[in-house]
Amino acid sequence: GKSSDPGKSVDLKSVFISVKTTSSFHKSRLPVILKTWFQLAKQQTWFFTDADDEHFQKETNNHMINTNCSSSHGRKALCCKMSVEFDVFLESNEKWFCHFDDDNYVNVPRLATLLANYSPQEDWYLGKPSIRAPLVILNREDKNFSKNRQNVTFWFATGGAGFCLSRALALKMKPIAGSGKFISIGERIRLPDDVTMGYIIEHMLGKSLTMVDEFHSHLEPMKFLGQDTFQDQITFSYSQYGKDDWNVVKIDGFAPRIDRTRFLSLHCYLFPYFTFCPR
Ligand code: UDP
Ligand code: MN
């Protein structure tokens, strides 16, 4: 069927869902999430931001976490946030860590069915790369500074499409990347948070990314996702380019003026019995 029981929250089998956001995006990006998919995963979802916000603290039932990381878009600030997301997950009792950006729509029941296919006691890094080949970087760790510097090759899951880690894998990462050490690794290789994650898992731990095609970032053209496949997709996204051009899911529904991101319309397509959906 097109929608599972809409009023009921979905059995997420101990998933810790973290959403990265920043204070200047709270007003523009959080309301549509809170109105839609957050309602299906209220207990499991946490927003990681960089300032206190009384309004959204209330709206999320105290699920906003101030990381005290800088609110700049720099690599350091983003690695700081990911580091806190990871550490808070480790302190939780959940079996899966799933990271998303604040411009993602998460198809909650589909995420649950994805994870049901894997054991959290095994090492799993589930996500989708945004490049066609693994990343190749010059190894800065190498002691032999001038000679014999080796290239390092690894895949990473695009943060903007969402990715999940099993607890078993996270526990193996803990000694090298826990308690803020994630930031130092990001500093050393000078790459963004999602790339750092891939470097730790694939290069440092020798585990590989399992590619899941149903994660989507706005690096992909959203309009090519067929409506008949929406229920199979795990994440969606949107972005604005130019003045009034939007990379958004193609779906009928609410007027663009009130649903620029198309997430309200998408949500009503997947869960038509939600109260704000037309019937
Ligand atoms: N973000 C952040 N701090 C910033 C800018 C962005 O934490 O200073 C977060 C933002 O909330 C989002 C993610 O980083 O979850 C990606 O940001 P955005 O979508 O603006 O840029 P993109 O990298 O996708 O082009
Ligand atoms: Mn984005």
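Where a number appears in this text, it was derived from the coordinates with a stated rule and is not lab data. The structure presented is a predicted model; accordingly, all values stated were derived computationally and were not measured. Heads up, the Cβs are rebuilt from the backbone with ideal geometry, glycines too, and the neighbour counts pull from every protein chain shown.
Taking the DSSP beta bridges with both ends in the chain, the antiparallel portion is around 50 percent.
Applying a threshold of 21 Å to the alpha-carbon distances of Lys128/Lys223; Lys76/Lys181; Lys27/Lys223; Lys42/Lys95; Lys128/Lys207; Lys58/Lys95 flags Lys27/Lys223; Lys58/Lys95 as lying beyond it. The calculated 222 nm mean residue ellipticity attributable to helices in the chain amounts to -8000 deg cm²/dmol, summing -39500 (n - 2.57) over DSSP H runs of n ≥ 4 and dividing by all residues.
Its alpha carbons give the stretch 1-132 an Rg and a Dmax of 14.9, 44 Å. Fewest neighbouring Cβ atoms within 10 Å first, the residues Thr113, Thr21 line up as Thr113, Thr21.
Over the stretch 90-181, Cα pairs under 8 Å with separation of 6+ residues give a relative contact order of 44 percent. Take every pair of alpha-carbon atoms less than 8 Å apart whose residues are at least six positions apart; their mean separation over the length of the stretch 152-279 yields a relative contact order of 21 percent.
The alpha-carbon atoms of the chain define a convex hull whose volume equals 139 cubic angstrom per residue.
Exposure proxy ranking for Met64, Met82, based on other Cβ atoms within 10 angstrom of each Cβ and starting from the fewest, stands as Met64, Met82. Computed from point charges on the beta carbon alone (+1 for Lys and Arg, -1 for Asp and Glu), the dipole magnitude for the stretch 13-166 about its Cα centre is near 560 Debye. Sorting Cys277, Cys98 by the number of Cβ atoms found within 10 Å of their own Cβ, with the fewest placed first, yields Cys277, Cys98. Among the trypsin sites (Lys or Arg not before Pro) in the stretch 217-274, those located in a DSSP loop and surrounded by at most 16 other Cβ atoms within 10 Å of their own Cβ are Lys243, Lys250, Arg257.
When cysteine pairs in the chain are screened for C-beta atoms closer than 4.7 angstrom, the residues that find no partner are Cys79. Can you give the net charge of the other residues whose Cβ lies under 10 Å from the Cβ of Gln121, counting K and R as +1 and D and E as -1? Within the 10 Å Cβ shell, the charges total 0. Here the stretch 52-202 is treated as a sphere whose radius is the Kirkwood value from Cα pairs; by Stokes-Einstein at 20 °C and 1.002 mPa s it diffuses with a coefficient of 128 µm²/s. The angle between the Cα long axis of helix 167-177 and the longest principal axis of the Cα atoms of the chain comes to about 50 degrees, rounded to the nearest 10. Scanning the chain for GluC sites (Glu not before Pro) lying in DSSP loops with no more than 13 further Cβ atoms inside 10 Å, the longest uninterrupted stretch between such sites is 142-279. The long axis of helix 75-91 is offset from the longest Cα principal axis of the chain by roughly 80 degrees. Taking every C-alpha pair closer than 8 Å and separated by at least 6 residues, the mean separation divided by the residue count of the chain gives a relative contact order of 20 percent.
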